[in-house]
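Here is the structure we will look at, set down as structure tokens.
Please treat every number below as a calculation from the coordinates, not as lab data. Small disclaimer: the values here were computed from a predicted structure and weren't measured. Note that we place each Cβ from the backbone using ideal geometry, even for glycine, and neighbour counts take in every protein chain shown.
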Amino acid sequence: TLLRADGVRGRAARRSRQIPIDTTCAGSGSPNDSMTILVTGGAGFIGSNFVLDWLADPATRGLPLVNLDALTYAGNLHNLDALRGDARHVFVQGDICERALLDRIFAEHRPRAVVHFAAESHVDRSILGPGAFIRTNVEGTFALLEAARAHWGALAGDARAAFRFLHVSTDEVYGSLASDAPAFTETHPYEPNSPYSASKAASDHLVRAWHHTYGLPVLTTNCSNNYGPFQFPEKLIPLMIVNALAGKPLPIYGDGQNVRDWLYVGDHCSAIREVLARGRLGETYNVGGWNEMANLEIVHTLCALLDELRPSAAGSHARLITYVKDRPGHDRRYAIDARKIERELGWRPAETFQSGIRKTVQWYLDNPAWIANVQSGAYRDWVARNYAGREARA
Ligand code: NAD
Ligand code: DAU
């Protein structure tokens with residue numbers, strides 16, 4: 001069954017030559033009718049937002065999911081507190097590198113799709129310790145592809161035609177742009193510059209090869225910087241919010257003029273659902289917010305919002321801005337050309353930066369217990385390690 005269609009969707013669906021994920025009814029009966037999807041990394045920032053949205057969205061909320069997550073420092077089951085007792089959500093703590101575990105999950109749950117978020121995701125950590133990035137992002141993706149291939153290879157008929165492996169990747173694989181260069185399209189050459197982006201690029205290549213060589217029905221999304229609820233405060237936006245609330249310095253790497261494209265996490269999740277439902281097999285889709293901003297501008301925006309919502313007796317939060325030593329190999333600019341996903345699937349972000357960032361700041365203000373919980377000893381050790389030696393500069 002094709003997804004219920006409006007004009008654009010109907011045209012795209014008719015063009016599509018493969019059977020899309022059926023999100024219109026719950027399957028039952030033979031094991032081949034499973035409606036379950038397997039999500040990896042669903043206790044992390046984007047993964048947990050995806051799981052919550054999947055189970056809330058009218059088009060997919062009847063559809064169960066298995067959430068496989070190793071619960072590294074970045075995984076947090078509190079992100080999923082709202083699902084306690086919800087039988088549609090099965091959580092498995094485990095490592096995507098463990099092939100035997102993957103095979104057991106595929107055999108037991110017979111997922112009709114895999115949505116692969118699990119990764120080491122922080123560039124600064126990849127600089128200080130690249131090994132975990134090669135293991136999870138490259139070897140883990142390889143193990144997952146092989147387990148998915150074995151499962152898919154044994155399917156028949158509609159179940160085989162409907163199976164999908166959606167790989168969630170990043171715009172960082174394309175490298176850094178000059179200030180006047182056009183935004184990344186899906187055909188931009190791969191030029192990864194950090195251990196993180198190199199490991200993601202490697203995983204993208206594996207996914208591509210598993211399609212071309214074995215016919216595995218894959219889809220890849222390359223997304224820009226996400227922000228929103230449940231983001232671990234090692235990344236720019238939540239780090240600045242939690243530091244500002246604590247009256248701590250707001251560390252700006254280099255001159256603060258590095259540019260990123262910013263996307264509200266709920267928009268990323270809706271893009272993934274669209275690609276999963278109707279994306280063309282073997283294709284990649286760039287996902288972005290049409291919102292390029294320099295880091296310093298982001299931090300000033302956050303300070304202004306906090307001045308309004310949580311004023312400090314000590315004065316504007318902007319007084320805490322501190323220039324520190326730059327990130328080694330710091331990419332200057334990323335920008336996403338998201339016209340392909342709009343043209344083919346009718347997807348555009350729903351949030352503006354102004355609406356998304358206000359919601360995000362409000363979420364952190366409303367959730368002090370979540371913040372306190374993630375600021376464990378391990379978190380404090382990371383902050384000490386990453387910011388030591390980045391002496392404040394005038
Ligand atoms: P995150 O670091 O918040 O979460 C990663 C999750 O993966 C955690 O729950 C962690 O426990 C889990 N995990 C790590 N290693 C694992 C392993 N070996 N086995 C099983 N689970 C493991 O990351 P995020 O920001 O939510 O990013 C999710 C995905 O999206 C990543 O693949 C990332 O590369 C990609 N991405 C992120 C952004 C962004 O701005 N955050 C942008 C584009 C793409
Ligand atoms: O572009 C997509 C990528 O965005 C994702 O693939 C990554 O998983 C995600 O972490 C993110 O990578 P960045 O390196 O762009 O995000 P981060 O939040 O670490 O940094 C954003 C910018 O802010 C970057 O130019 C570095 C700068 N920065 C970051 C920190 C943590 C600072 O100036 N100070 C800081 O303390």
**Request:** Bin all alpha-carbon pair distances of region 33-79 at 5 Å intervals from 0 and give each bin's fraction as a whole percent.
**Result:** 6, 23, 30, 21, 12, 5, 1, 0
**Message:** Charges at C-beta only: +1 for Lys and Arg, -1 for Asp and Glu. How large is the resulting dipole of region 319-384 about its Cα centre, in Debye rounded to 20?
**Reply:** 240
**Asked** With +1 on each Lys and Arg Cβ and -1 on each Asp and Glu Cβ, how big is the dipole of the chain about its Cα centre, in debye rounded to the nearest 20?
**Response** 460
**Prompt:** Among rounded, prolate and oblate, which fits region 170-237 when a ≥ b ≥ c are the square roots of the eigenvalues of its C-alpha gyration tensor, a/c under 1.5 means rounded, and a/b larger than b/c means prolate?
**Reply:** oblate
**Sum of side-chain charges, residue 286 neighbourhood, beta-carbon under 9 Å (Lys, Arg +1; Asp, Glu -1)** = -1
**Request:** Quick one: Debye curve from the alpha-carbon atoms of region 273-359 only, equal weights, vacuum; give me log10 I(q)/I(0) at q = 0.14, 0.22, 0.23 Å⁻¹ to two decimals.
**Result:** -0.73, -1.09, -1.13
**Request:** Go through 103-115, 307-319 and give me the packing order, highest mean Cβ count within 10 Å leading.
**Result:** 103-115, 307-319
**Prompt:** Stretched out fully, how many nm does the piece from residue 369 to residue 213 gain, at 0.36 nm a residue minus the Cα gap?
**Reply:** 51.3 nm
**Asked** According to a simple spin-label model (label point 7 Å from Cα along Cα-to-Cβ), what is the distance in nm between residue 156 and residue 283?
**Response** 3.1
**Message:** Once you place label points 7 Å from the Cα toward the Cβ at residue 308 and residue 86, how far apart are they in nm?
**Reply:** 3.0
**Message:** Quick check: net charge around residue 387, other residues with Cβ under 12 Å of its Cβ, Lys/Arg +1 and Asp/Glu -1?
**Reply:** +2
**Prompt:** Quick one: which of 37-48, 126-137 comes out on top by average Cβ neighbours within 10 Å, and what's the full order, highest first?
**Reply:** 37-48, 126-137
**Two-site label geometry, residue 187 and residue 380: point separation in nm, points 7 Å out along Cα→Cβ** = 5.4
